[in-house]
Amino acid sequence: EVQLVESGGGLVQAGGSLRLSCATSGFAFDDYVIGWFRQAPGKEREGVSCISGRDGSTYTADSVRGRFTISSDNAKNTVYLQMNSLKPEDTAVYYCAVRLGYGLPIAVSEYHYWGQGTQVTVSS
C-alpha cells in the first residue's frame, strides 16, 4: 500500500526557515515523481515543487523559486522541502503526493496518492 507521511511543519516567524519531510513507502521510488503542494484557507490547492525519483530533475513554482528547495534521499525513500525566508503568505497545509512516471507536471490532477498534510504557519 502506498503511504506518504509528512512532517516538519510548525509555527515560525517571518524570515525564518523550516524543512519538511515526506517519508514514502509501498512503491518503487525510482518509478515515480514526488511533489509538494499547499492549500491555504479559501484558496485552491497549488503545486509548489516536484522531483523525479529516477534522475533528480526538479521543477519549482515561480512563487517560491529562490526560497524553497526540493531534494531527495533515494536510499531513505524520503523527499524534503527546505523553506527559507518564509512569508505570512506561505501559511498553508503542505502535502506531498506521488505520480507514476518521469515527467514533472505540477498540476494536482496528475498525482495519484496523497499524504495527510502538515500545517505551516508563518507569523508577521
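The values are calculated or read from the model by the stated rules, or taken from the named source; none is laboratory data. Remember, predicted model here, so these are calculated numbers, not experimental data. Here the Cβ positions follow ideal geometry from the backbone for every residue, glycine too, while neighbour counts run over all protein chains shown. In case anyone asks, the SASA skips ligands and DNA or RNA and just uses the protein heavy atoms, side chains included. Shrake-Rupley method; radii C 1.70, N 1.55, O 1.52, S 1.80 Å.
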| note | Of ASP73, ASP31, the only residue that is farther than 19 Å from GLU6 by Cα, open to solvent by 10 Å² or more (accessible area, probe 1.4 Å) and acidic (Asp, Glu) is ASP31
| note | Inside region 92-103, the number of residues satisfying the requirement of being open to solvent by 10 Å² or more (accessible area, probe 1.4 Å) and either small (Gly, Ala, Ser) or assigned to a strand (DSSP E or B) (or both) is 6
| message | Residue under question is VAL48, and the condition is that it be surrounded by 15 or more Cβ atoms within 10 Å (Cβ to Cβ) and either at pLDDT below 95 or hydrophobic (A, V, I, L, M, F, W, C) (or both); does it hold? | response | yes
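Which of the residues belonging to region 104-124 are over 18 Å from GLU6 (Cβ atoms) and open to solvent by less than 60 Å² (accessible area, probe 1.4 Å)?
Scanning region 104-124 gives LEU104, PRO105, ALA107, SER123.
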| Within region 76-91, which residues are open to solvent by 50 Å² or more (accessible area, probe 1.4 Å) and part of a strand (DSSP E or B)? | GLN82
| query | Just for strands (runs of 3 or more DSSP E) wholly inside region 1-72: which have at least 2 residues that are hydroxyl-bearing (Ser, Thr, Tyr)? | reply | 18-25, 46-52, 58-60
